[in-house]
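Below is one structure; the comments refer to it alone.
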Amino acid sequence: MALNINLASQSRELIDTALDWSEQGASIALVTLVAIEGNAPYPIGSQMLVSETGQFIGQITGGCAEVAIADQACIAIKNRQNATIRYGLDSPYFDIKLPCGSGVDVYFDVELSTQTLRQIDTELNARRAVVQSLDTKLGRVDKCYRPTPRLVLAGQGPIMIQLAELATQTGFEVACIAQNSATKALLKSADFNSNSIESFTTASGHKELVDGLDMYSAFVSVFHEHEFEAPLLQSALESQAYYIGALGSRKTHTARCETLRAQGVIQEQLDRVHGPVGLDIGANTPSQIAISILSEVIQHMNKVST
């Protein structure tokens, strides 16, 4: 059975931390949610990383059983034995209750080697997915680690700033192509995790950020002067990006498509451009518009991850 998880899982953080702890000599357990009976706050494939000291990162049950899971992970580490344990419904741990009377099966892997972690890390750094097989008592389960989702933004204005901040907080790597120095200055002063920002540059002559979009990447144009966006949209349409969107009214989008069509872009490609960009939630402020855009990006991201 395969685990279908969304692209904004914690693959990067978990593997980086697991590798760090392992290289420091700590024994670790990688804990995976492998089955759900009923409802659960986190999807199958969600993970926790636990060290021999009981320190952990990640979530599986939304706070209901994480401490108990970490305690069990320490026991598995001490015994040097992998295990699959049920929590909630029909669990021997009757004092641990999960929402709505649900049950979850959790796999404890204490045999993941530093070499294997390095191999996963190398593949993720190269933006390639990695599948690890888990031999649980429920049968073989394939856990897929996917590269961190990337969002490339191009344009200017407060919507771009809000969208970049929200995407970073949601777990995306964000790269920004700023149309002017004012936007560039605002982006630099915004509250970003600096590791998530690839580049600040000007739009003209900087298509390289768009040319390399892979299947784990999205591109959104938030230009107001739309003559700047055509070459970037063309590059995005030639890429593997799972989502391409562009700000503007329906009238603006019609004109945009006419411009691209005149430059040789076929209708099948034009249909990939979401315009007006974002879910229709009646948004009327920069922050609301940014939320609507990011929501649509995530909606499509989760569709391609299953």
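Those residues that are open to solvent by 50 Å² or more (accessible area, probe 1.4 Å) and either assigned to a helix (DSSP H, G or I) or touching a helix residue (DSSP H, G or I) at 6+ places or on another chain (Cβ under 8 Å) (or both), I need them from the stretch 89-98; list them, please.
Our first condition is that a residue be open to solvent by 50 Å² or more (accessible area, probe 1.4 Å); within the stretch 89-98, this holds for 89-90, 92-95, 97.
Hits for the stretch 89-98 are Leu89, Tyr93.
With the structure loaded, tell me whether Leu237 is in contact (Cβ under 8 Å) with a residue 40 or more places away in the chain, closer than 19 Å to Arg150 by Cα and among the hydrophobic types (A, V, I, L, M, F, W, C) or whether it fails that test.
So Leu237 does not fit the description; no.
I'm checking my understanding of the structure. Among residues of the stretch 128-145 that are of a type in the set (Lys, Arg) and open to solvent by 90 Å² or more (accessible area, probe 1.4 Å), which one is nearest to the chain's Cα centre (by Cα)? Write out each step before concluding.
Of the residues in the stretch 128-145, the ones of a type in the set (Lys, Arg) are 128, 137, 140, 143.
Next, only the ones that are open to solvent by 90 Å² or more (accessible area, probe 1.4 Å) stay: 128, 137, 140.
On the way: Arg128: 14, Lys137: 29, Arg140: 25 Å.
Checking each candidate, the answer is Arg128.
Just one of the numbered conditions (1) open to solvent by less than 10 Å² (accessible area, probe 1.4 Å); (2) at positive phi is not true of Ile60: (2).
If we keep just the residues of the stretch 89-113 that are more than 19 Å from Ala18 (Cβ to Cβ) and either of a type in the set (S, T, N, Q) or under 28 Å from the mean Cα position of the chain (by Cα) (or both), which is modelled with the highest pLDDT?
As a first pass, look at the stretch 89-113 and keep what is more than 19 Å from Ala18 (Cβ to Cβ): 89-105.
If we keep only those that are either of a type in the set (S, T, N, Q) or under 28 Å from the mean Cα position of the chain (by Cα) (or both) as well, we get 91, 98-100, 102-105.
Working: Ser91: 78, Leu98: 76, Pro99: 71, Cys100: 72, Ser102: 85, Gly103: 86, Val104: 89, Asp105: 92.
Top of the filtered list is Asp105.
If you take the residues in the stretch 23-48 that are over 15 Å from Arg86 (Cα atoms) and hydrophobic (A, V, I, L, M, F, W, C), which one is surrounded by the fewest Cβ atoms within 10 Å (Cβ to Cβ)? Only one residue fits best here, namely Ala26.
Taking the stretch 240-287 on its own, how many of its residues are part of a helix (DSSP H, G or I) and hydroxyl-bearing (Ser, Thr, Tyr)? Total satisfying the criteria: 4. Restricting attention to the stretch 207-235, the residues that are acidic (Asp, Glu), part of a loop (DSSP other than H, G, I, E, B) and over 22 Å from the mean Cα position of the chain (by Cα) total 2. If you go through the stretch 255-306 and keep only what is among the aliphatic types (A, V, I, L, M) and exposed (fewer than 15 other Cβ atoms within 10 Å of the Cβ), you end up with Ala255, Ala262, Ile266, Ile281, Val304.
Being open to solvent by less than 80 Å² (accessible area, probe 1.4 Å), part of a helix (DSSP H, G or I) and in contact (Cβ under 8 Å) with a residue 24 or more places away in the chain: is that true of Cys74 here? In short, yes.
Flag: Ser51 does not match the condition of being within 27 Å of Asn302 (Cα to Cα), open to solvent by less than 20 Å² (accessible area, probe 1.4 Å) and polar (S, T, N, Q). When the stretch 221-254 is filtered for residues that are crowded, with 16+ Cβ neighbours inside 10 Å and acidic (Asp, Glu), only Glu229 remains. Only one of the numbered conditions (1) surrounded by fewer than 22 Cβ atoms within 10 Å (Cβ to Cβ); (2) touching a Lys or Arg at 6+ places or on another chain (Cβ under 8 Å) is not met by Gly101, and that is (2). Scanning the stretch 66-84 turns up one or more residues that are in contact with an Asp or Glu (Cβ under 8 Å, 6 or more places away or on another chain) and hydroxyl-bearing (Ser, Thr, Tyr).
The values are calculated or read from the model by the stated rules, or taken from the named source; none is laboratory data. None of the values given here were measured: they were computed from a predicted structure. Cβ: placed from backbone, ideal geometry, glycine included. Neighbour counts: every protein chain shown. Each accessible area value is taken on the protein alone, full model and side chains, heavy atoms only, with ligands, DNA and RNA left out. Shrake-Rupley method; radii C 1.70, N 1.55, O 1.52, S 1.80 Å.
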